[in-house]
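*Asks:* Here's a structure for you.
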Amino acid sequence: MKRHSASAALFGEACEVIPGGVTSAARKVTPPIVFRDGEGAYLTDADGNRYLDYHAAFGPVLLGHNHPEVNRRVAKALRRAPLSGAGVSELEIEVARRIHRLVPCAEKVQLCGSGSEAVFNAVRIARAFTGRPKIIKFDGCYHGTYDSVLANSSRASPMASQARTDGSKDQLCRLQPGSAGILPEALTHTLVCAYNSLDEVQEALDANRDQVAAIIVEPVAHNMGCVLPRPGFLEGLRALAASHGALLMFDEVITGFRHHLGGYQTLCGVRPDLATFGKAIANGFPLAAIAGRAGIMDHFSTREGGDTYFAGTYHGHPAALAAALATMDILENQPVHERIFALGDRLRRGLAEIHARLATGATVAGFGSVFITYFMPGPIENYTDALRNDAGRFLHYRRRMIERGVFLMPTNLKRGHIGFGHTEEDIDLTLQIAEDVLKEM
Ligand SMILES: Cc1ncc(COP(=O)(O)O)c(C=O)c1O
């Protein structure tokens with residue numbers, strides 16, 4: 001058994017001054033672990049235990065922890081680039097230009113600090129541009145903490161999720177606010193459809209003619225593990241949005257840069273009107289972006305005459321911008337995606353073979369560098385399917401993996417992430433440990 005006494009003591013201290021001892025509700029882990037160092041694919045905790053990390057801080061750590069080139073560029077920026085809070089900086093121009101060059105929908109770009117902020121501002125500008133109040137989101141997709149989108153998502157609403165397992169259609173589309181304190185009015189304009197159901201989207205658009213400002217979707221639904229869009233789903237959303245005068249918005253906070261430098265929109269060939277980015281764009285430094293058609297983006301009040309207020313003291317922080325440029329340089333010049341996709345295939349193939357041999361009835365899913373084992377038979381095409389996951393076995397498996405030195409976030413339906421710091425040896429070690437753990441289970 002690993003010792004966790006130093007972590008437990010620190011967590012006790014945290015609980016004295018921080019409600020629940022963590023600064024993000026999604027970070028609760030049992031037993032509590034306080035991580036102290038990170039290097040490449042590995043994390044070390046306060047007790048000196050070392051873990052092969054597949055959590056990657058929910059996805060941003062794409063190149064590995066403590067990446068020397070990212071650190072070097074950040075240190076250089078801190079010496080030379082001030083946060084002046086006036087005008088524009090050269091780093092901001094460089095980052096916006098780079099996103100413009102790489103991302104198909106990015107005629108223009110705005111920068112902010114977190115995925116939630118990016119989505120908040122993208123929804124606001126979609127409403128301002130169309131003059132319409134409603135948005136359509138998908139059951140099980142998460143788009144951050146902003147009131148209008150904090151409904152029917154796995155992270156936001158675990159209690160609501162548990163109540164919604166019968167799969168009946170009425171249940172499926174009932175709005176489930178993700179937090180106390182959200183005014184009911186804030187969600188009256190939020191419509192929820194089942195992921196992968198064009199019929200439900202068509203129904204929602206028909207029933208709310210000239211009311212829907214935007215359809216917002218995770219192009220790969222990673223907040224329920226890894227649910228891929230059915231062939232034709234994203235193309236269908238594109239066509240439905242266009243025919244109803246609504247905007248199509250891809251939330252690429254997870255998929256952007258992790259799956260492709262040009263976002264998932266490059267891989268699927270569907271161009272949204274707006275897209276949001278965050279996480280892997282800066283390898284763990286706090287940067288997010290909104291990209292989209294110039295005619296929409298020009299509504300931001302950063303432009304003379306723009307009607308949609310956009311501001312933030314920390315927008316374009318030099319440390320985050322330098323990290324993003326270093327990350328994008330490495331993604332462009334080194335075979336990062338080739339390697340992490342190959343490692344992802346190796347891990348998924350190995351896990352699927354072990355589960356088949358042990359007849360566990362589990363389903364190994366994923367895309368590129370992302371993977372998850374659902375303890376249930378497939379197919380898994382929407383949130384109702386994903387909620388049939390045997391959460392007890394899922395968590396038990398992950399806690400045993402952590403005990404054996406492989407860190408997978410012990411939260412139901414959370415995905416794992418492979419990074420450029422992982423090696424084939426790491427993958428093979430993981431497979432060996434997974435097989436041992438599953439046999440013990
Ligand atoms: C798809 C998606 N959008 C938005 C967000 C919110 O990003 P942040 O946590 O940086 O506010 C997340 C966070 O997990 C996400 O997964």
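*Asks:* Mind listing which trypsin sites (Lys or Arg not before Pro) in region 184-266 are in a DSSP loop and have 10 or fewer other Cβ atoms within 10 Å? It would help to have the intermediate numbers written out before the result.
*Replies:* Working: sites: R209, R238, R258; in loops: R209, R258.
Here the trypsin sites (Lys or Arg not before Pro) that fit, given the DSSP loop and packing criteria, are R209.
*Asks:* Let me ask you something else. Most exposed first by the Cβ proxy, i.e. fewest other Cβ within 10 Å, how do Y314, Y383, Y146, Y374 rank?
*Replies:* Working: Y314 15, Y383 27, Y146 19, Y374 24.
Arranged by neighbour count, lowest to highest, Y314, Y383, Y146, Y374 become Y314, Y146, Y374, Y383.
*Asks:* Ranked highest first by the average count of other Cβ atoms within 10 Å around their residues, in what order do 190-197, 220-227 fall? Spell out each step's value before the answer.
*Replies:* On the way: 190-197: 22.9, 220-227: 26.6.
The packing order, highest mean first, is 220-227, 190-197.
*Asks:* Within 10 Å, count the other beta carbons around each residue, average over each peptide in 13-24, 37-48, 269-280, and list them highest first.
*Replies:* Values: 13-24: 11.4, 37-48: 17.7, 269-280: 24.8.
By packing density, highest mean first, the sequence is 269-280, 37-48, 13-24.
*Asks:* What GluC sites (Glu not before Pro) does region 299-406 have in DSSP loop regions with at most 16 other beta carbons within 10 Å?
*Replies:* Details: sites: E304, E332, E338, E353, E381, E403; in loops: E304, E381.
Sites meeting the loop and neighbour criteria: E304.
*Asks:* Which far-off residues, 5 or more places away or on another chain, put their amide H under 5 Å from the one on N382, with H placed in the peptide plane?
*Replies:* Those qualifying (amide H under 5 Å, at least 5 residues apart or on another chain) number zero.
*Asks:* Here is a further query. How do the peptides 75-84, 358-367 rank, highest first, by the average count of neighbouring beta carbon atoms within 10 Å per residue? List each step's numbers first, then the result.
*Replies:* Working: 75-84: 13.0, 358-367: 17.6.
Ranking the peptides 75-84, 358-367 by packing returns 358-367, 75-84.
*Asks:* Something else about it: Quick one: net charge of K134's neighbours, Cβ under 11 Å, K/R +1, D/E -1?
*Replies:* Numbers: positive: R127, R132, K137, R209; negative: D210.
After counting each charged neighbour, the total is +3.
*Asks:* Just want to confirm a number: the relative contact order over the chain, from Cα pairs under 8 angstrom separated by 6+ residues, in percent.
*Replies:* Details: 851 pairs, mean separation 93.7, N = 441.
Taking the mean separation of contacting Cα pairs over the length of the chain, I get 21 percent.
*Asks:* Let me ask something else about it. Considering only DSSP beta bridges where both residues belong to the chain, give the percentage that are antiparallel (nearest 5).
*Replies:* If I count the DSSP bridges inside the chain, around 60 percent turn out antiparallel.
*Asks:* Using the alpha-carbon centroid of each, what span in Å lies between region 251-320 and region 388-441?
*Replies:* What the calculation gives is 32 Å, centre to centre.
*Asks:* Same structure again: Semi-axes of the equivalent ellipsoid of the chain: what are they in whole Å, largest first, if each equals the square root of 5 times a C-alpha gyration tensor eigenvalue? Provide the component values of the computation, followed by the final result.
*Replies:* On the way: eigenvalues 215, 155, 86 Å².
Semi-axes, largest first: 33, 28, 21 Å.
*Asks:* Hey, what do the phi angles of region 176-193 turn into as Karplus ³J(HN,Hα) couplings, whole Hz, using 6.51/-1.76/1.60 and θ = phi - 60°, x for Gly and Pro?
*Replies:* The phi angles translate into 10, x, x, 6, 5, x, 7, 5, x, 4, 5, 10, 5, 9, 9, 9, 10, 10 Hz.
*Asks:* Out of residues 5 or more away from D37 or on other chains, whose amide H comes under 5 Å of its own, with H placed 1.01 Å from N in the peptide plane?
*Replies:* The answer is T44.
*Asks:* Please list, ordered by chain and number, the residues whose modelled amide H lies under 5 Å from the amide H of A289; skip anything fewer than 5 residues away on the same chain.
*Replies:* C112, F277, G278
*Asks:* What ³J(HN,Hα) values, in whole Hz, does the Karplus curve 6.51 cos²θ - 1.76 cosθ + 1.60 give for region 310-316 when θ = phi - 60°, with x put for Gly and Pro?
*Replies:* 9, 7, x, 3, 9, 4, x
Bear in mind these aren't lab numbers, they're just calculated from the coordinates by the rules spelled out. What you see is a predicted model, and the numbers here were worked out from it, not measured in a lab. Reconstructed Cβ throughout: ideal geometry from the backbone, glycine too, with neighbour counts over all protein chains shown.
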